[in-house]
1. Could you compute the FRET efficiency for Ile68 and Leu176, with r as their C-beta to C-beta distance and R0 at 41 Å, rounded to 0.05?
2. Normalise the Cα radius of gyration of the chain by 2.2 N^0.38 Å (N = residues in it) and let me know the number.
3. Output ³J(HN,Hα) for the stretch 126-141: one whole-Hz value per residue in order, computed from phi by the Karplus curve 6.51 cos²θ - 1.76 cosθ + 1.60 with θ = phi - 60°, and x for Gly and Pro.
4. Could you derive backbone 3J(HN,Hα) for the stretch 194-204 from the dihedral phi with the Karplus parameters 6.51, -1.76 and 1.60 (θ = phi - 60°), listing whole Hz in sequence and x where the residue is Gly or Pro?
5. Between Ile150, Ile182, Ile37, find the one with the highest GNM mean-square fluctuation for the chain; connect C-alpha pairs within less than 10 Å.
6. Compute the orientation-averaged projected area for the stretch 143-214 from the convex hull of its Cα atoms and round it to one decimal in nm².
7. Given a cut-off of under 8 Å on Cα pairs at least six residues apart, what relative contact order in percent is computed for the chain?
8. Cut-off 10 angstrom, C-alpha nodes, Gaussian network model of the chain. Which of Val81, Val162, Val106 fluctuates the most?
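Computed from the coordinates by the stated procedures, all read-outs in this text should not be read as laboratory data. All values reported here derive from a predicted model rather than from experimental measurement. Here the Cβ positions follow ideal geometry from the backbone for every residue, glycine too, while neighbour counts run over all protein chains shown.
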Amino acid sequence: MKQLTGTLALGFALMGLPLQASDGGKDSRVDELKDEIVAIASANTSRVDNFSQVRMQLQPLVDELLAISTDRSEAEKINQVEGAWRNLWSDLGFGPGTNYEQVYQVVSRDGYYYNISESRFGVLKFTGFLRGAYTDEGDFLAIEFTNNDIRFGFPEPGTDLVQLATDFEEGQLKSLPVPGPIGVTGVLINAYVDDELRIVTGNNSGEMGQDLFILERVDSILP
């Protein structure tokens, strides 16, 4: 299992919007595939002992979904991607103490994003803010992690995620810098996005293979 100590190092990409096919059967199949992908991911969100098995279940479904979807440039995708997402599943371990049910990403069209997560150590809770910068390279994003900070406690359910990330970016929230993947770079390959679902692949520079991320659209911290 890959580990990135104390916080997330998700390098999520901006995804592609599926073509609205004139064939109703194709549209129906898209919905079926999405439902299957979400069901498998949701059933394994907190599992860290079966990454390879879940990946084997998801990959054929993802491949089929991408085969009947339209690829677009990153600039054409940003309207669908910006905002807040919750990580349903990935085959990348996020480090000790991570509460996998509370892992989010907020994407800004201004060239940065935040991975926001809850970590628990005994009775103590912390919020991790891992900041990544991205550059649009046409059909993929080049990313670099720039800051890694923690705050004591975790936001209440219903907290608006975009506002939370904006407040942090503007320096309105006190935090403590901690060691992390600062300076690590990577490439993100865009896969799929719509109003409900995001599928992301990518890796850090020098790594072999691609990590897979399944995300659902949210607005706020969940209970």
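1. Numbers: r = 46 Å, r/R0 = 1.13.
Efficiency, rounded to the nearest 0.05: 0.30.
2. On the way: Rg = 16.7 Å, N = 223, 2.2 N^0.38 = 17.2 Å.
Ratio of Rg to 2.2 N^0.38 Å for the chain: 0.97.
3. Result, ordered by residue: 9, 10, x, 10, 9, 9, x, 9, 10, 10, 6, 10, x, 10, 7, 10 Hz.
4. Each residue's phi maps through the Karplus curve to give 9, 6, 10, 10, 10, 10, 10, 10, x, 7, 7 Hz.
5. Of Ile150, Ile182, Ile37, the most mobile in the Gaussian network model is Ile182.
6. Working: hull surface 26.1 nm².
For the Cα atoms of the stretch 143-214, the hull's average projected area reads 6.5 nm².
7. Numbers: 499 pairs, mean separation 59.4, N = 223.
Reported as a whole number, the value is 27 percent.
8. Maximum among the listed residues: Val162.
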